[in-house]
Amino acid sequence: ENRTIISSAFPELFRDLNIERLSGFFASMRDSLAHWGHRVADNQAQTVPGIAALGQGEPPLVVILTPGPYNETYHEQSFLAGYLGYPLVQGSDLTVRNGIVWLKTIAGLRPVHAILRRIDDDYCDPLELNADSLLGVAGLTQAARLGNVLIANALGANLLQSGALLGFLPNLCQSLLGEALRMPSVGTWWCGEPAALEYVIQHLDDLVIKPAYPQVRSSPIFGEDLNPSQKESLIERLRAQPDHYIAQEQVDISHAPVLTSHQHQPQIGSLAVSLRVYAFATPNGYAILPGGLSRVASGKDARVVTMQRGGTSKDTWVLSHDSQPPFSLLRKTNSSQDLVRENAYLSSRMAENLFWYGRYSVRNLQKAMMLRATIRALLEYTPEMRDGEWITMQGLCQWFDLLPCPEDEEALASWQPWADDDIEPLLIQSVFSQQSNSLATSVQQLFQQAFNLRERISNDHWRTVNVLSRLFITRHQHATLQDALSYIEQAINHFVTLTGFAMDWMTRDLGWRFMSLGRRIERLQFMCVLLSRALAMPQHSNLEWLLQVTNNLVTYRARYAAQPEWLPVLDLLLMDDNNPNSVVFQIKGLVKYLEEMDAQDNAGGIATELNDCWQALLQLDPDQCFTVGNAALAEWLNRTYAVTLTLSDRLSLRFFSYASPLVIPRY
């Protein structure tokens, strides 16, 4: 990632210096994983009945296992996955059955052949390793033991990062390779050896004490910095657990000229630098990255170079005598057989995240529209002018949990609508509160859902979500209804922008379909509740707020140029399939998507009940049923709402959960 940014910022410098390319190393990595992955696939075919070996030219499935979006290096992991062309998965995306690791996708379970892991050893398998881990895959250790999956780095490789081995490197090199180390190692003593422990205690002033095991996070202790009591305390700890510590001779860290900024002016300074290099095992030996990651200390007098202490990283260039031709991991030519229209490895988790992102997006917009209409009615109309619809508007705010709800049947029976003075602070709280189901907390839920989809949405899309989330961060202790209305207007603009990104800027693949399913289910539920409650209003009620909440006021005025009446309003909100907010528009879209999914996996039935609702709606006579208080229409709305609840559960069981017995997919 550093190389990509720097080469784009200084293309002429990068070209003229003949800098070695990194792409060849990553190409070797990908080829090696494919090589070992084919061997794993052959082993799977031999040991597990029903699994066929990979066909000619068929690539193995390689995934990058990440701890998830809350890890500090998640962005780098996502970038690497996109660069190599591998699915980025979390532990919950994988399952082990019959000793095989499977990726849970919308199309079914797919056998995984190689895992490039970014999770520490202990957290990879809660079954055999750290039982508290929520990041790993239960049974992964056994699958690796059977040779049914390649893991890079192998489980247990973390041992080689132990500083305790450094003291043994000279003898190890002589014993294994028959030669001395070409680059001397830093003098290191593992305190687990009695003789080494005594040496460390006697020479403590000249040494640096560090943890022996990489999973232990603690800062180096410089013996020369300790007073007598601190030395005694350290010696007691060394004697109590000697194998947990190493000691190294104190060396001067290499310095290099570094371009820094001082008072917004560039300047050259000398800072401590450490270099991390990379190698990868290939069938023909180790491939070495022609470059590395340079870590630069934060200050001139730093004795330790770490990112945790404010250090930075820089790209390391290796110069070549010859000009470097462009090299890309992408194939230069493609045939029509290589064209791809769908992501074959859309994980169930990602599809579920997209589904709920769609639902939260619409839910937030509907909350904001409902709050705006309610606050406007409170500010612009007298109690007498809004008498017919005011109870219904308060009830809908309760349905959204924006206003307190009666706790039991007795409280519900005695409930009375709030007076204007009482409801005003409640509405302000429903916008800004951080403690309830307010608009502010709903926006943060939407942000978290988008955060889980970071690699699936564009930078512009993500930037809008960020701006929206920051809108409600500030505390608003003395806000007024006008302040609340202003913030709601801003939020609605952002919600509509997100709708544009979702509908016009995202490829309409299977993942987009799940997001659209979520959006339509959420809107259909809202429309059913909205209209069923509106039907209970008096005949003389003002219906303009219904059109405002559903964003249909302009359309109604353009068509009728008259005051809203029940028949045309209900026709517009129920039956107009050109209206993207109407009930029938949601049902038709849902039935279309669901029937396509049923046809793809040969499992019918998921759209049947919704289709029945559609046909039942068409049988209703508008002249008879599209009136206030109509029992047949109210019953249909309640039935359709119940069907949407069942539909959401069925989608979760079929596509987002894999609790059923293993069925080996055919390819």
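Among the residues of the range 478-504, those that are loosely packed, with under 14 Cβ neighbours inside 10 Å, polar (S, T, N, Q) and in contact (Cβ under 8 Å) with a residue 40 or more places away in the chain comprise 480, 482.
Of all the residues in the range 469-492, those that are under 30 Å from residue 422 (Cβ atoms) and assigned to a helix (DSSP H, G or I) number 13.
When the range 144-197 is filtered for residues that are modelled with pLDDT of 90 or more and at positive phi, the ones remaining, listed by number, are 147, 178. Selection of helices (runs of 4 or more DSSP H) fully inside the range 500-563 by the criterion of at least 1 residues being at pLDDT below 90, of a type outside the set (S, T, N, Q) and closer than 22 Å to residue 449 by Cβ returns 510-534. Only residues that are within 23 Å of residue 157 (Cα to Cα) and surrounded by fewer than 21 Cβ atoms within 10 Å (Cβ to Cβ) were counted in the range 97-115, giving 1. For the range 209-259, the set of residues classified as without any contact (Cβ under 8 Å) to a residue 24 or more places away in the chain, loosely packed, with under 13 Cβ neighbours inside 10 Å and basic (Lys, Arg) consists of 217 only.
Among the conditions (1) outside the structural domain of residue 51 (by TED's automatic domain parsing); (2) among the aliphatic types (A, V, I, L, M); (3) in contact with a Pro (Cβ under 7 Å, 6 or more places away or on another chain), residue 183 misses just one, which is (3). Right, residue 351: surrounded by 13 or more Cβ atoms within 10 Å (Cβ to Cβ) and either at pLDDT 80 or above or part of a strand (DSSP E or B) (or both) or not? Spelling it out, residue 351 is indeed surrounded by 13 or more Cβ atoms within 10 Å (Cβ to Cβ) and either at pLDDT 80 or above or part of a strand (DSSP E or B) (or both). Among the residues making up the range 210-225, those that are out of contact with any strand residue (DSSP E or B) (no Cβ under 7 Å at 6 or more places or on another chain) and not small (Gly, Ala, Ser) are 213, 214, 215, 216, 217, 224, 225. Looking across 139, 178, one residue alone is free of Cβ contacts under 8 Å to residues at least 60 places away in the same chain and either exposed (fewer than 12 other Cβ atoms within 10 Å of the Cβ) or not small (Gly, Ala, Ser) (or both). It is 178.
Sub-9 Å Cβ pairs linking a first residue in the range 104-124 that is at negative phi to a second residue that is crowded, with 21+ Cβ neighbours inside 10 Å and acidic (Asp, Glu), at least 6 apart or interchain, are 104/93; 105/93, ordered by first then second residue. In the range 551-563, what residues are surrounded by 15 or more Cβ atoms within 10 Å (Cβ to Cβ) and free of Cβ contacts under 8 Å to residues at least 40 places away in the same chain? Across the range 551-563, the qualifying residues are 552, 553, 555, 556.
All conditions but one from (1) surrounded by fewer than 18 Cβ atoms within 10 Å (Cβ to Cβ); (2) of a type outside the set (Asp, Glu); (3) in contact (Cβ under 8 Å) with a residue 24 or more places away in the chain apply to residue 60; the one that does not is (1).
Tally the residues that are touching a Cys at 6+ places or on another chain (Cβ under 6 Å) and surrounded by 15 or more Cβ atoms within 10 Å (Cβ to Cβ), restricting the search to the range 381-407. Break it down stepwise before answering.
Our first condition is that a residue be touching a Cys at 6+ places or on another chain (Cβ under 6 Å); within the range 381-407, this holds for 398, 403.
If we keep only those that are surrounded by 15 or more Cβ atoms within 10 Å (Cβ to Cβ) too, we end up with 403.
Looking only at that region, the number is 1.
Say whether the condition of being of a type outside the set (D, E, K, R), touching a residue at least 24 places away in the same chain (Cβ under 8 Å), under 20 Å from residue 396 (Cα atoms) and part of a loop (DSSP other than H, G, I, E, B) is met by at least one residue in the range 572-581. Yes, that holds for at least one residue.
Screening the range 1-12 for residues that are among the aliphatic types (A, V, I, L, M) and in contact with a strand residue (DSSP E or B) (Cβ under 9 Å, 6 or more places away or on another chain) and picking the one that is surrounded by the fewest Cβ atoms within 10 Å (Cβ to Cβ) gives 5.
For the range 609-633, which positions are more than 13 Å from residue 570 (Cα to Cα) and either touching a residue at least 60 places away in the same chain (Cβ under 8 Å) or not acidic (Asp, Glu) (or both)? 610, 611, 613, 614, 615, 616, 618, 619, 631, 632 - these are the residues of the range 609-633 that are more than 13 Å from residue 570 (Cα to Cα) and either touching a residue at least 60 places away in the same chain (Cβ under 8 Å) or not acidic (Asp, Glu) (or both). Here residue 46 clears all of (1) under 28 Å from residue 651 (Cβ atoms); (2) part of a helix (DSSP H, G or I) except the condition numbered (1).
Evaluation of residue 96 against the conditions (1) farther than 25 Å from residue 1 by Cα; (2) touching a residue at least 60 places away in the same chain (Cβ under 8 Å); (3) assigned to a strand (DSSP E or B) shows that the sole unmet condition is (2).
The values are calculated or read from the model by the stated rules, or taken from the named source; none is laboratory data. Everything numeric here is computed off the predicted structure, so don't read it as measured data. A quick note on method: Cβ atoms are made from the backbone with ideal geometry, for glycine too, and the neighbour counts reach across all protein chains shown.
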